[in-house]
Amino acid sequence: MAQKTSTAKSSNWIACVAALLLLGQAAQAQRLIRKAETIPVGELWLSPGDALQVRVLGEPGGQASFLNGQPLTELSPEQAQGVRGVYQGTYQLRPTDTLSEGQPLWLHLRLPDGRHDSLQTAFPVRLLNPNQPLLAVTKGALSHLNYGLGDDRLGGAKIGYLDSLVLLHVTGRVADQYRVRLAEGHYAWSPVTGVRLLPPGGFVPASLTGSWSVRGDSLYDYVRVPLTQRLPYRSQVLQNPTRLVIDVFGATSNTNWITQRDGLRELGAIYYEQPQPDVFRMVLPLRHRQSWGYHIGYEQNTLVVQVARPPAKLRLKGLLVAIDAGHGGTNVGAIGASGAREKDLTLAIAQQLRQELERRGARVLMTRETDASLEIAERVALLRRRRPALLVSIHVNSTGGTTARGTSAFYRYTAFRPLAEALYGRMQETGLPGWGLVGNFNFGLNGPTEYPNALVETAFISNPEDEKLLTDPIRQEQMAKAMSAGIDDFLKAARKKGLRGWLSKQAATE
Ligand SMILES: [Zn+2]
């Protein structure tokens, strides 16, 4: 009896579940749109002229629309990786358009049998008023501009860092980045967290440039350009001849003279160009082929470029060398098959390098000397404050597989490539195969322009053979000696390269 009741009960239960499943299917059948989204996905702020792109995933064979009847086109399965029911639409926004302020967007789908469905995008869309420019100012010491919306573990390719309180014209937003209009035809992106929006009423950033004051003190050469606002800029050191080129966006020349006072030791025949009405280009030729870095910032609204000179004696003795042991504390880094941890290996090798450099008379600045947690931003802040002659950051490499092995060196700016190259060459002499020299490396510690810097991925912890070397104190010492020799090579090469040819007359008089 008990048995029978149970059977009856369970069959009831099954019927119940089946009914629920059917109901669920019916509900799903009513839902003709499975997904409604903007491309790119995320909160969008748009300006007139921008394209609003949308995509609907739903029942095939229908008519999809948005914004009061703007049609979407259903893609053929070949265009949509074999998927049917993918609709896409683009609408170029006009100044007269209005969007419900900051609301998600409704997307509609109607089938030939009359059934229809509407679904909102997950994120709001806002149309910015071009008659009320939206302005923002940079916040921290590590505010920066990105080329685009890319985002990976290195945080998206950077154009460069900006000083704080630099005025930016925001013309859009995608998810967590603002689009910034720098000048006619020049755009960049800034993380939302890096800036503070200003109340309405401001004008698009612009300034005339004043006349320059150029001079040197006991440590650096300086160029000062008076502006009426803190404008954004971008810089790079170009080669042959070595020169620092800085574009100031929104600036128009009213520089009627460039006074070059005494004390200059690194700057050559400086000048400016105005490649377009709102881009002011400073060209600062350097006397030495090897750049030792520079810093750009503001004093009130005056743009100040501080140009570093080569160390007085291009030798290790007395030189302040910074060593960064990658990771640390809660940031363990990569882990090898035998359990070796990157943070321990980088610290062990960094300490060996320190010993070696100190033995040779150098002064050493370590970003960390213990198993401490230290953010990239804290490391960069320390290094910028102390201004070492150069920096070597030490890491161990890792991949998903076990086959990749060998040593590699990384740099961001071509001006600092010779340091990475010298380190790479010496590391290979320890018997490690060369894995490659990597440029344009978008890593936080390679970002500063203030001093030559390079990152050494000593060897692969993910490769058993390399891991054995990395954990062997004798091999660690070998690597440290190789890096010390690499720094020495870099100094020697800088000494040999010396002054630029076309300035040699000037040099001869020094
Ligand atoms: Zn690492």
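Please treat every number below as a calculation from the coordinates, not as lab data. Quantities reported herein were computed from a predicted structural model and do not represent experimental measurements. No Cβ is skipped: glycine too gets one built from the backbone with ideal geometry, and neighbour counts run over all protein chains shown.
Assuming R0 = 35 Å, what is the FRET efficiency of residue 317 and residue 245, from their Cβ-Cβ distance, to the nearest 0.05? The formula returns an efficiency of 0.55 here.
Here the convex hull built on the C-alpha positions of the chain has a volume of 227 cubic angstrom per residue. In this structure, residue 126 and residue 203 have a Cβ-Cβ separation that, at R0 = 22 Å, corresponds to a calculated FRET efficiency of about 0.55.
Site-free segments of the chain were taken between chymotrypsin sites (Phe, Trp or Tyr not before Pro) in DSSP loops having at most 12 other Cβ atoms within 10 Å, sites themselves excluded; the longest one is 258-510. In a solvent-free Debye calculation with one equal scatterer on each Cα, what is log10 I(q)/I(0) for the stretch 207-308 at q = 0.15, 0.23 Å⁻¹, listed in the order of the q values? Here the Debye-derived log intensity ratios amount to -0.54, -1.31. Full extension of the segment from residue 228 to residue 141, taken as 0.36 nm per residue of separation minus the current Cα-Cα distance, would add 29.2 nm.
With contributions of -39500 (n - 2.57) from each DSSP H run of at least four residues, the per-residue ellipticity at 222 nm computed over the chain stands at -7000 deg cm²/dmol. On full extension, the segment bounded by residue 257 and residue 370 gains 35.5 nm, given 0.36 nm per residue less the C-alpha separation. Positive end of the dipole of the chain (Cβ unit charges, origin at the Cα centre): among 49, 75, 109, the Cα lying farthest that way belongs to 49. Magnitude of the charge dipole for the stretch 207-308, about its Cα centre and with charges confined to Cβ atoms of Lys, Arg (+1) and Asp, Glu (-1), is about 160 debye. Given the options 311, 329, 124, identify the residue whose Cα lies farthest towards the positive end of the charge dipole of the chain (+1 on Cβ of Lys, Arg; -1 on Cβ of Asp, Glu). Comparing the listed Cα positions along the dipole, 311 ranks first. Modelled this way, with points 7 Å down the Cα-to-C-beta line, the labels at residue 154 and residue 90 are 3.0 nm from one another.
In terms of its Cα atoms, the stretch 79-238 spans 82, 37, 25 Å along the principal axes, sorted from long to short. Here the chain is treated with +1 on each Lys and Arg Cβ and -1 on each Asp and Glu Cβ, and its dipole about the Cα centre works out to around 1100 debye. Full extension of the chain between residue 81 and residue 381 gives 103.3 nm of extra length, using 0.36 nm per residue less the Cα-Cα distance. Entry note, the stretch 335-466: relative contact order of 35 percent, from Cα contacts under 8 Å with a spacing of 6+ residues. Rounded to two decimals, the Cα-based Rg/Rh of the stretch 156-242, with Kirkwood Rh, is 1.02.
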